[in-house]
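Okay, structure first, notes after.
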Number of protein chains: 2
Amino acid sequence: MKAVSRVLTNANIAPQVLGAEYACRGAIVTRANQLQRELKNTNNSLPFDKLVMCNIGNPQEMGAKALTYPRQILSACFNPELLKMGIYPSDVVQKADEILSDTPCYSVGAYSHSQGIPVCRQKVANFISERDNVESNYENIFLSDGASPAIKYVLQACIAGPQHGALLPLPQYPLYSATLSLLQGTQLSYALDEKSGWGLDLESCEAAILEGIKNGVAPRVFVIINPGNPTGNCLTEDTIKGALELAKKYNMVVFADEVYQTNVYDDRRPFHSFRKVLATMNIAEDVELISFHSISKGVFGECGIRGGYMELTNVNEEGKEQLYKMVSISLCPNTAGQVIAAVMCDLPKVGDASYESHTAEANAVYESLQRRANFLTENLNKVEGIDSQVVSGALYAFPTIELPQRAKEVALSKGMQPDFMYSMDLLEEKGICVVPGSGFGQEDGKYHFRTTILPAEEIMPYVCESIEDFHYSFCKKYQ
Amino acid sequence: MKAVSRVLTNANIAPQVLGAEYACRGAIVTRANQLQRELKNTNNSLPFDKLVMCNIGNPQEMGAKALTYPRQILSACFNPELLKMGIYPSDVVQKADEILSDTPCYSVGAYSHSQGIPVCRQKVANFISERDNVESNYENIFLSDGASPAIKYVLQACIAGPQHGALLPLPQYPLYSATLSLLQGTQLSYALDEKSGWGLDLESCEAAILEGIKNGVAPRVFVIINPGNPTGNCLTEDTIKGALELAKKYNMVVFADEVYQTNVYDDRRPFHSFRKVLATMNIAEDVELISFHSISKGVFGECGIRGGYMELTNVNEEGKEQLYKMVSISLCPNTAGQVIAAVMCDLPKVGDASYESHTAEANAVYESLQRRANFLTENLNKVEGIDSQVVSGALYAFPTIELPQRAKEVALSKGMQPDFMYSMDLLEEKGICVVPGSGFGQEDGKYHFRTTILPAEEIMPYVCESIEDFHYSFCKKYQ
């Protein structure tokens with residue numbers, strides 16, 4: 001290629017794009033993809049015989065089977081001829097027909113309403129009403145291609161530039177920091193407290209807000225991920241109340257990222273939605289709240305289909321109109337995702353043809369996730385120098401790793417974060433792909449990695465042993 | 001709702017969001033949705049008994065049937081059990097199995113590679129190679145949720161702020177102006193020449209560039225929609241060459257929006273891709289070219305599924321890495337869209353089980369679109385005061401309308417564009433939903449509307465008669 005001046009080069013690309021970082025699919029994953037190709041060569045000299053991708057919550061990549069019921073409905077929505085063949089249970093036929101009947105000309109191939117097919121939104125609203133004992137209106141539901149694009153739309157409406165701040169947890173899921181960087185907004189960080197199981201500390205939140213205000217930054221957005229990503233923490237009702245009070249005090253829009261709401265493994269730490277808690281408070285009508293959910297996690301794990309929703313609470317018509325306009329620029333969320341989101345919110349009931357089989361499948365997935373969460377925590381904590389909080393929710397462990405001083409120096413001298421070097425070495429030596437803590441943000445001088453709980457139960461011991469082996473050899477190498 | 005200070009209000013929403021406009025789903029469509037609900041009330045007093053949505057190229061909303069072959073493949077990808085039932089033709093089974101075999105764990109429910117499932121990208125690359133007699137590499141293909149998000153990603157990388165300009169046609173598809181507004185970039189407009197059938201005038205392009213440069217704006221992006229939206233024009237090879245020369249001269253990234261490439265109805269104006277034309281030029285390696293395609297148009301018309309692709313030509317590794325990072329923040333395009341994009345690029349061949357039935361279905365769709373394009377042009381041109389160029393491509397007519405002076409005054413006195421008032425009245429009186437020319441941009445003092453060619457053949461006469469009736473009564477009213 002000749003050396004001519006080009007726009008799409010590091011010298012010329014928009015700096016806000018260059019500055020955005022997204023570690024979950026960064027250099028380590030790119031290297032993992034190379035290794036995957038090398039493994040296919042039977043003459044390879046790699047020190048492992050399989051790669052285990054623990055970098056992202058992608059259940060079906062790790063062998064999880066899709067649930068039968070939603071997939072039958074989806075296949076019938078795409079090929080309604082199947083409805084006449086007598087091959088599907090009656091509730092599958094009824095549900096597919098109900099959804100198709102609410103699309104233009106009985107087809108999911110038409111652009112839908114930009115907020116989504118009305119009956120699908122109604123099912124979401126019913127689900128929320130029942131879950132939270134509140135009145136949810138389908139007009140406040142926006143279906144979306146997973147939670148990520150919905151989060152991006154609302155952030156874009158709230159953040160006009162560096163004068164506007166978003167309060168993000170530290171550590172956080174890097175979608176937030178990357179999007180904020182693209183919008184040139186200011187990140188205000190509140191530290192989660194590792195010692196208390198990654199609890200949310202309201203004083204730390206207020207300190208971050210006041211620091212922002214002092215620097216001329218108006219706090220506009222308060223992001224809470226519950227259950228936590230990457231931390232796995234589930235918030236108590238009191239903490240949620242405190243967060244909402246703080247949002248009210250400083251006029252911040254609350255982003256309740258609740259995509260892991262069914263991934264809750266500890267009975268003592270149940271999931272409480274922000275929607276439900278807000279409804280019980282005397283500021284119930286005073287806080288703008290956007291709640292996000294997704295089909296990618298939970299027991300569905302339908303990452304590739306890209307579906308989800310957001311619900312607007314206390315957002316007035318002006319705000320809703322602007323959000324509608326923004327989503328309408330991309331026409332509509334994909335209809336496969338819309339269908340699955342609706343199905344997730346309207347599961348078979350006792351007596352329905354698929355009730356027993358679906359419930360058995362879903363429970364088996366849930367119970368296996370719970371066992372794996374416990375197994376992983378226990379086994380990581382057996383390793384000297386690795387310390388993991390209990391994974392009470394979500395799909396991840398985020399342990400602290402103690403690294404030899406020399407390892408830190410070597411890494412920094414090579415321009416790498418120490419936990420990046422650790423994670424890259426773990427990949428090269430054991431074929432285990434994790435994400436360094438530095439990709440999520442962490443307290444200065446502390447190091448972590450994030451690993452999913454998703455390896456199948458039969459290979460989970462292998463994963464834990466590989467991490468253990470590697471950790472000791474890494475520490476020895478840099479002693 | 002109490003009056004408290006809120007972020008998501010017109011007073012506080014990011015001004016670049018407030019300023020973005022997207023007419024294809026604006027106030028007129030919102031009103032059409034209300035009318036649709038009123039129509040369901042059997043006691044309604046509306047002056048029409050059906051709404052005809054001509055506002056957007058959404059074939060399946062207008063009764064177009066989805067093609068059988070891609071839908072069978074898609075349903076099987078979502079429910080692989082169907083592959084074993086003997087209900088699908090052998091090529092459907094083979095194609096679905098081929099795609100599934102290249103997904104993680106044989107499932108479209110896993111996040112794919114952020115650029116898309118490799119075999120799907122390979123099919124796209126093969127399609128381009130064959131169409132254009134060039135070498136296309138699947139590593140330069142990014143599958144996307146329709147063309148729109150791909151266009152947004154690349155614009156975001158190219159435009160950092162008001163110092164950067166994008167050269168857009170006038171009239172243009174408002175995705176471009178809206179996205180540019182969100183990015184706070186500068187719109188540089190080049191007028192399409194209505195008298196020559198909406199031809200692209202290179203002198204007008206260069207004048208717009210020079211005007212931008214004079215004002216301190218660096219032209220970075222050159223958007224060409226071919227076949228044109230809303231204009232329906234197909235560019236000649238010479239014009240494409242001239243545009244590429246201009247892009248080279250001013251170092252602009254060319255956006256070739258070719259989503260209507262199979263919607264070409266006039267043998268004298270065949271489609272030429274920018275990719276193919278560039279390859280024949282001595283600047284073949286010097287122009288950064290991004291070509292966009294979609295499953296939403298053509299004969300597939302699969303708007304709701306949201307699928308498409310972009311191909312990068314002459315974009316170096318740095319640029320590709322940044323685009324990869326941006327798409328990876330949203331994980332991956334939805335897999336249903338990926339599957340259909342792959343199928344669109346790998347149709348049944350002579351001898352395949354579905355070849356005859358698929359070809360017959362696809363040809364019938366194409367021929368009907370061609371008849372409707374001609375019928376619409378002819379019948380619009382029969383109306384005195386409506387003047388439509390030949391629809392040689394795409395899915396739209398964009399006629400000039402001559403409006404009485406008083407209509408213009410009345411509209412402007414109400415704060416409306418005259419063609420907005422005209423279109424709204426057409427909706428209220430006849431139930432025909434079109435988009436005013438002002439939503440796309442037009443020469444000062446001229447007025448248009450955009451209507452699709454998609455009404456079914458049996459109702460096309462009704463649509464044309466309704467427009468004719470309305471036009472005469474509107475002109476009479478404001479005489």
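The values are calculated or read from the model by the stated rules, or taken from the named source; none is laboratory data. On a predicted model such as this, the values are computed, not experimentally measured, just so you know. We place every Cβ from the backbone using ideal geometry, glycine too, and count neighbours over all the protein chains shown.
Are any residues in the stretch A:1-26 free of Cβ contacts under 8 Å to residues at least 40 places away in the same chain, of a type in the set (A, V, I, L, M, F, W, C) and assigned to a helix (DSSP H, G or I), and if so, which ones? Spell out how you get there, then give the answer.
So in the stretch A:1-26, the residues free of Cβ contacts under 8 Å to residues at least 40 places away in the same chain come out as A:1-15, A:18, A:25.
From what is left, the residues that are of a type in the set (A, V, I, L, M, F, W, C) are A:1, A:3-4, A:7-8, A:11, A:13-14, A:18.
Residue satisfying the conditions is A:L18 alone.
Hey, can you tell me all the residues within the stretch B:400-416 that are in contact with a strand residue (DSSP E or B) (Cβ under 8 Å, 6 or more places away or on another chain) and either buried (at least 24 other Cβ atoms within 10 Å of the Cβ) or assigned to a helix (DSSP H, G or I) (or both)?
B:I401
Does A:A160 meet the test of being over 21 Å from the mean Cα position of the chain (by Cα), buried (at least 19 other Cβ atoms within 10 Å of the Cβ), of a type in the set (A, V, I, L, M) and within 14 Å of chain B (Cβ to nearest Cβ)?
yes
Looking at (1) within 12 Å of chain B (Cβ to nearest Cβ); (2) surrounded by fewer than 24 Cβ atoms within 10 Å (Cβ to Cβ), can you tell me which one A:A166 breaks?
A:A166 satisfies every listed condition except (2).
Filter the stretch A:425-455 for residues that are part of a loop (DSSP other than H, G, I, E, B) and within 23 Å of A:Q34 (Cα to Cα) and give the result. Lay out the reasoning, then the answer.
Step one: filter the stretch A:425-455 for residues part of a loop (DSSP other than H, G, I, E, B), giving A:431, A:434, A:440-447, A:453-455.
Correct list: A:G431, A:V434, A:L454, A:P455.
Does any residue of the stretch A:257-274 turn out to be within 11 Å of another protein chain (Cβ to nearest Cβ) and at pLDDT 95 or above? Let's see the steps before the verdict.
We begin by selecting, within the stretch A:257-274, every residue within 11 Å of another protein chain (Cβ to nearest Cβ); these are none.
The answer is no, given that none of the residues of the stretch A:257-274 is within 11 Å of another protein chain (Cβ to nearest Cβ) and at pLDDT 95 or above.
Could you please let me know if A:D286 is over 18 Å from the mean Cα position of the chain (by Cα), free of Cβ contacts under 8 Å to residues at least 24 places away in the same chain, more than 24 Å from A:Q122 (Cβ to Cβ) and in the same structural domain as A:D238 (by TED's automatic domain parsing)?
Numbers: over 18 Å from the mean Cα position of the chain (by Cα): yes; free of Cβ contacts under 8 Å to residues at least 24 places away in the same chain: no; more than 24 Å from A:Q122 (Cβ to Cβ): yes; in the same structural domain as A:D238 (by TED's automatic domain parsing): yes.
Criteria not met by A:D286.
Which of the numbered conditions does B:A364 fail, given that it passes all the others? Conditions: (1) in a helix (DSSP H, G or I); (2) more than 25 Å from B:I159 (Cα to Cα); (3) in contact (Cβ under 8 Å) with a residue 12 or more places away in the chain; (4) more than 9 Å from chain A (Cβ to nearest Cβ).
B:A364 satisfies every listed condition except (3).
When A:E428 is evaluated against the numbered criteria (1) at negative phi; (2) buried (at least 18 other Cβ atoms within 10 Å of the Cβ); (3) not aromatic (F, W, Y), which criterion, by number, is the only one it fails?
Single failed check for A:E428: (2).
Provide a single number: the residues in the stretch A:38-83 that are under 22 Å from A:V339 (Cβ atoms) and under 19 Å from the mean Cα position of the chain (by Cα).
Within the stretch A:38-83, the first condition is being under 22 Å from A:V339 (Cβ atoms), and the residues that meet it are A:57-61, A:64-83.
When the remaining residues are screened for being under 19 Å from the mean Cα position of the chain (by Cα), the result is A:57-61, A:64, A:66.
Of the residues in that region, 7 qualify.
May I ask you to say which residue of B:L376, B:L312 is farther than 26 Å from A:G304 by Cα and either within 24 Å of the chain's Cα centre (by Cα) or not assigned by TED's automatic domain parsing to the domain that holds B:K248 (or both)? If you could, list the steps in order and put the result at the bottom.
Numbers: B:L312 fails: farther than 26 Å from A:G304 by Cα.
Every option except B:L376 fails the conditions.
More than 14 Å from every other protein chain (Cβ to nearest Cβ), modelled with pLDDT under 95 and buried (at least 16 other Cβ atoms within 10 Å of the Cβ): which single residue out of B:V391, B:V383 fits that description? Talk me through it step by step, then tell me what you get.
Working: B:V383 fails: modelled with pLDDT under 95.
B:V391 is the lone residue from the list that is more than 14 Å from every other protein chain (Cβ to nearest Cβ), modelled with pLDDT under 95 and buried (at least 16 other Cβ atoms within 10 Å of the Cβ).
Among the listed residues B:G319, B:G301, identify the single one that is on the phi > 0 side of the Ramachandran plot and of a type in the set (G, A, S). Please lay out each step first, then the result.
Details: B:G319 fails: on the phi > 0 side of the Ramachandran plot.
None of the others qualify; the one that does is B:G301.
Select from the stretch B:279-302 the residues that are out of contact with any Gly (no Cβ under 8 Å at 6 or more places or on another chain) and charged (D, E, K, R) and list them in ascending order.
The answer is B:E285, B:D286.
Taking into account only those residues within the stretch A:65-104 that are in contact with a Leu (Cβ under 7 Å, 6 or more places away or on another chain) and hydrophobic (A, V, I, L, M, F, W, C), which is farthest from B:P104 (Cα to Cα)?
Per the criteria, the residue is A:V93.
State all residues of the stretch A:272-291 that are of a type in the set (S, T, Y) and assigned to a loop (DSSP other than H, G, I, E, B); if no residue qualifies, say none. Quick ask: steps written out before the conclusion?
Within the stretch A:272-291, the first condition is being of a type in the set (S, T, Y), and the residues that meet it are A:273, A:280, A:291.
Across the stretch A:272-291, the qualifying residues are A:S273, A:T280.
Do you know which residues across the stretch B:78-108 are within 24 Å of B:S148 (Cβ to Cβ) and in contact with a Phe, Trp or Tyr (Cβ under 9 Å, 6 or more places away or on another chain)?
Within the stretch B:78-108, the first condition is being within 24 Å of B:S148 (Cβ to Cβ), and the residues that meet it are B:78, B:99, B:108.
Result: B:F78, B:V108.
May I ask you to list pairs of residues, at least six apart or on different chains, whose Cβ atoms are under 6 Å apart, with the first in the stretch B:295-308 being closer than 15 Å to B:P227 by Cα and the second being surrounded by fewer than 24 Cβ atoms within 10 Å (Cβ to Cβ) and of a type outside the set (F, W, Y)?
B:G298/B:T262; B:V299/B:A362; B:V299/B:V365
Which of the residues belonging to the stretch A:191-208 are at positive phi and in contact with a strand residue (DSSP E or B) (Cβ under 9 Å, 6 or more places away or on another chain)?
The answer is A:W198, and nothing else.
Can you find a residue in the stretch A:27-34 that is surrounded by 18 or more Cβ atoms within 10 Å (Cβ to Cβ) and assigned to a loop (DSSP other than H, G, I, E, B)? Full working, then the answer.
Step one: list which residues in the stretch A:27-34 are surrounded by 18 or more Cβ atoms within 10 Å (Cβ to Cβ), which gives A:28-29, A:32.
Pick out the ones that are also assigned to a loop (DSSP other than H, G, I, E, B) and you get none.
No; the residues of the stretch A:27-34 include none that is surrounded by 18 or more Cβ atoms within 10 Å (Cβ to Cβ) and assigned to a loop (DSSP other than H, G, I, E, B).
Check whether at least one residue in the stretch B:53-70 is at the interface with chain A (Cβ under 7 Å from one of its Cβ atoms), polar (S, T, N, Q) and within 30 Å of A:E285 (Cβ to Cβ), and report yes or no. Walk me through how you get there before you give the answer.
Step one: of the stretch B:53-70, the residues at the interface with chain A (Cβ under 7 Å from one of its Cβ atoms) are B:56, B:58, B:60-61, B:63, B:66.
From the residues that got through so far, the ones that are polar (S, T, N, Q) too are B:58, B:60.
With within 30 Å of A:E285 (Cβ to Cβ) added as a condition, the list becomes none.
No.
Does at least one position in the stretch B:98-115 carry a residue that is more than 7 Å from chain A (Cβ to nearest Cβ) and closer than 19 Å to B:K349 by Cβ? Let's see the steps before the verdict.
Step one: of the stretch B:98-115, the residues more than 7 Å from chain A (Cβ to nearest Cβ) are B:98-103, B:106, B:113, B:115.
Checking the rest, the ones that are also closer than 19 Å to B:K349 by Cβ come to B:98-99.
Yes, the stretch B:98-115 contains a residue that is more than 7 Å from chain A (Cβ to nearest Cβ) and closer than 19 Å to B:K349 by Cβ.
Any idea how many residues of the stretch B:210-233 are of a type outside the set (A, V, I, L, M), within 22 Å of B:A160 (Cβ to Cβ) and out of contact with any helix residue (DSSP H, G or I) (no Cβ under 7 Å at 6 or more places or on another chain)? Walk me through how you get there before you give the answer.
From the stretch B:210-233, those of a type outside the set (A, V, I, L, M) are B:211-212, B:214-216, B:219-220, B:222, B:226-233; that's our starting set.
Filter once more, so that each one left must be within 22 Å of B:A160 (Cβ to Cβ): B:211-212, B:214-216, B:219-220, B:222.
In the following step, the residues that additionally are out of contact with any helix residue (DSSP H, G or I) (no Cβ under 7 Å at 6 or more places or on another chain) were identified as B:211-212, B:214-216.
Within the stretch B:210-233, residues that are of a type outside the set (A, V, I, L, M), within 22 Å of B:A160 (Cβ to Cβ) and out of contact with any helix residue (DSSP H, G or I) (no Cβ under 7 Å at 6 or more places or on another chain) number 5.
Could you go through the stretch A:41-50 and let me know if any residue there is small (G, A, S) and free of Cβ contacts under 8 Å to residues at least 12 places away in the same chain.
yes
The conditions are (1) in contact (Cβ under 8 Å) with a residue 60 or more places away in the chain; (2) within 28 Å of A:I329 (Cα to Cα), and B:Q163 fails exactly one of them. Which is it?
(1)
Residues A:E211, A:E203: which one is out of contact with any Leu (no Cβ under 8 Å at 6 or more places or on another chain) and away from chain B (no Cβ under 14 Å)?
Working: A:E211 fails: out of contact with any Leu (no Cβ under 8 Å at 6 or more places or on another chain).
One residue alone meets the criteria, A:E203.
Identify the residue in the stretch B:311-333 that is assigned to a loop (DSSP other than H, G, I, E, B) and closer than 18 Å to A:T179 by Cα and, among all such residues, is nearest to the other protein chains (Cβ to nearest Cβ). Show your work before the answer.
Initial filter on the stretch B:311-333 (assigned to a loop (DSSP other than H, G, I, E, B)): B:314-316, B:330-333.
Now restrict to residues that are closer than 18 Å to A:T179 by Cα: B:330-333.
Details: B:S330: 5, B:L331: 7, B:C332: 7, B:P333: 7 Å.
Ranking the candidates gives B:S330 first.
What residue, among those in the stretch A:264-298 that are in contact with a helix residue (DSSP H, G or I) (Cβ under 6 Å, 6 or more places away or on another chain) and under 21 Å from A:A362 (Cβ atoms), is surrounded by the fewest Cβ atoms within 10 Å (Cβ to Cβ)?
Checking each candidate, the answer is A:S273.
For A:D91, work out the one condition from (1) more than 12 Å from chain B (Cβ to nearest Cβ); (2) part of a strand (DSSP E or B); (3) touching a Pro at 6+ places or on another chain (Cβ under 6 Å) it doesn't fulfil.
Failing condition for A:D91: (2).
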